[in-house]
Amino acid sequence: MSRVGIFGAGWVGLVTGACFAELGHDVVVRDVVAEKVGALEAGRIPIHEPGLPELIEKNRERLGFTADAAEAAQDAEFLYVCVGTPSTYSGDADLSAVWSVLDDLPPLDGRPILVMKSTVPVGTGDKVRAALDARELDHVGYVANPEFLAEGTAVRDFMNADRVVIGAYEPEDGDRVEALHETLGAPVVRSDVASAEMIKLAANAFLATRISFINEIANVCELVGADVEEVARGVGLDHRLGPHFLRAGIGFGGSCFPKDASALKQLASNSGYHFQLLSAVIEVNELQKRRVIAKLQKHLGKLRDKRIALLGLSFKPNTDDMREAPSIVLASRLLAEGAEVRGWDPVASPGELMKGVAICESVLEAVRDADAAVIVTEWDELRDLPSPEVRDAMRNPLIVDGRNLLDPEVVEQLGFAYEGIGRVSSPFSGLPETPEPEQKPA
Ligand code: UDX
């Protein structure tokens, strides 16, 4: 059993802290936002992550929350940095929260290890090492230990890790971080610090590349009459490729892929290299979000005064996270085309991110008198979307399935026109009656 101080009670910090407590370690999580600490101490978990509230409750005697850095660092053998590193306008990673952690560190005895779990550009370890030494904290070790947690499955991803990556300057420091994860029984990758930092960025960039690749395959399938779902199945059975992250759709979002792809591209160009492949991955993703517009125009013609229902707004199912959600781009494109946009999501509340969009309490309310319904996030609830009730409520029963969630034949048998991604879609069935715009009272 070790004593671990976690800096940052965001999504990574809370999942990491709760899982380390579950492994039997003594954990104190520190956050600079006192209200968040207060909520956590009262048992209110500020994020929507399946299984996390239960895990925190179960390990409460080994898991503390504080706003005081000294309390989190007290007698801690490991000081985990789990703060946000959002993108700056230039695409670089903003490391200001990392430096704040260093500034807040109290005098430290013994040889605690500062462990970087936040996603940082390659070379950050060298800068932090130098900063520690400049603060006469050269007795503090430094290890890079990136996370590979996906939202919605983070607890499972930590407890059943595919691998634990440990990059260290001093092998003994690496050994101690490895021992901390021992009971996980996961494969361990030991490397130098820079390589560990690159493993994280490269892994996310490659997953994003798979998605943009299958999305481009889907776009070609539409032109040659093939079905991307069949294609992905056939490709994914190749043991050298595997089936994961070959789901075509309207693009990737979230707090990681867009940020890490642009951070790696920026890192490369800062180092004098033009990362062409990654530039294309990012561009394809931006275009993919917008392809829905053409699909709607194919069936509806001009979108001015058409009512479009966007179903599912979070960047993926099982989370309320709206960061870089494709729905945001789609909504603003539709508004720019003069369409009336309605949105529905079971848990996410977009707020200011979707000014001009009417957020509805139910799917039925969102599709009422709509000229089209677009599945943007593949929430399970939307598997029941094609129903007589929805068809009769809509002005024009057209479903654009942005995540290939539904069976095209079933949808058409129920009297809807269907547009998927990279699938054979319903033929153009003539422009629907454009409703007379409501007469504004004189
Ligand atoms: C991702 C990585 O999976 C995780 O390892 C890393 O630590 C953080 O980033 P996350 O962003 O939570 O996790 O979501 P993920 O499930 O990977 O999905 C990312 C985006 O890709 C979503 O918008 C999702 O809809 C999209 N996606 C995913 C596809 O479009 N097709 C796929 O096949 C898979």
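Every number here is computed from the coordinates shown, using simple stated rules; none is lab data. Quick caveat, the model's predicted, so the values are computed rather than measured. Cβ sites come from the backbone with ideal geometry, for glycine too, and all protein chains shown count toward neighbours.
Using the Karplus relation 6.51 cos²θ - 1.76 cosθ + 1.60 with θ = phi - 60°, the per-residue 3J(HN,Hα) values for the stretch 39-55 come to 4, 5, 5, 8, x, 9, 8, x, 10, 9, 9, x, x, 5, x, 5, 5 Hz, with x marking Gly and Pro. Close amide H partners of Asp401, meaning residues 5 or more places away or on another chain with modelled amide H under 5 Å apart, are Ile375, Glu419, Gly420. Using θ = phi - 60° in the Karplus curve 6.51 cos²θ - 1.76 cosθ + 1.60, the 3J(HN,Hα) couplings for the stretch 325-331 round to 5, x, 4, 5, 5, 4, 4 Hz; x is entered for Gly and Pro. For the stretch 1-145, the antiparallel share of DSSP beta bridges with both residues in that region comes to about 5%. Converting the Cα gyration tensor eigenvalues of the chain into ellipsoid dimensions via √(5λ) gives semi-axes, longest first, of 45, 24, 20 Å.
Kindly provide the Kirkwood hydrodynamic radius of the stretch 280-368 in Å, to one decimal, from all pairs of distinct alpha carbon atoms.
Working: mean 1/r = 0.0747 Å⁻¹.
Computed over the stretch 280-368, the radius equals 13.4 Å.
When the Gaussian network model of the chain links Cα atoms closer than 10 Å, the mean-square fluctuations of Asp238, Asp175, Asp75 top out at Asp238.
Please report the antiparallel percentage of DSSP beta bridges with both residues in the chain, rounded to the nearest 5. Don't skip to the end; give the middle numbers.
Values: 3 of 46 bridges.
Bridges in the chain that DSSP calls antiparallel: roughly 5 percent.
Across the chain, C-alpha contacts under 8 Å between residues 6 or more apart give a mean separation that, scaled by the residue count, equals a relative contact order of 11 percent. 3J(HN,Hα) along the stretch 408-418, derived from phi through the Karplus expression 6.51 cos²θ - 1.76 cosθ + 1.60 where θ = phi - 60°, amounts to x, 5, 4, 4, 5, 4, 8, x, 9, 7, 10 Hz, with x in place of Gly and Pro.
When the trypsin sites (Lys or Arg not before Pro) in the stretch 327-410 are filtered for DSSP coil states and for at most 13 other beta-carbon atoms within 10 Å of their beta-carbon, the remaining sites are Lys355.
Hey, fewest Cβ within 10 Å first, where do Lys316, Lys298 land in order?
On the way: Lys316 20, Lys298 16.
The fewest-first ordering by Cβ neighbours comes to Lys298, Lys316.
Applying D = kT/(6 pi eta Rh) to the stretch 77-162, where Rh is the Kirkwood radius over alpha-carbon pairs, T corresponds to 10 °C and eta to 1.306 mPa s, the Stokes-Einstein value obtained is 113 µm²/s.
Close amide H contacts of Phe78 (hydrogens built in the peptide plane, cut-off under 5 Å, sequence separation of 5 or more or a different chain): Arg3, Gly5, Ile113. Computed over every Cα-Cα pair of the stretch 1-83 and binned at 10 Å starting from 0, the pair-distance distribution P(r) comes out as 22, 61, 18, 0 percent. Per-residue ellipticity at 222 nm computed for the chain from its helices equals -12000 deg cm²/dmol, with DSSP H segments shorter than 4 residues left out and the rest contributing -39,500 (n - 2.57). Counting beta carbons within 10 Å around each of Arg30, Arg307 and listing the fewest first gives the order Arg307, Arg30. The GluC sites (Glu not before Pro) of the stretch 361-427 meeting both criteria, a DSSP state outside H, G, I, E and B (loop) and at most 11 other C-beta atoms within 10 angstrom of the site's C-beta, are Glu361. Taking other C-beta atoms within 10 Å as the exposure proxy, Leu114, Leu201 rank Leu201, Leu114 from fewest upward.
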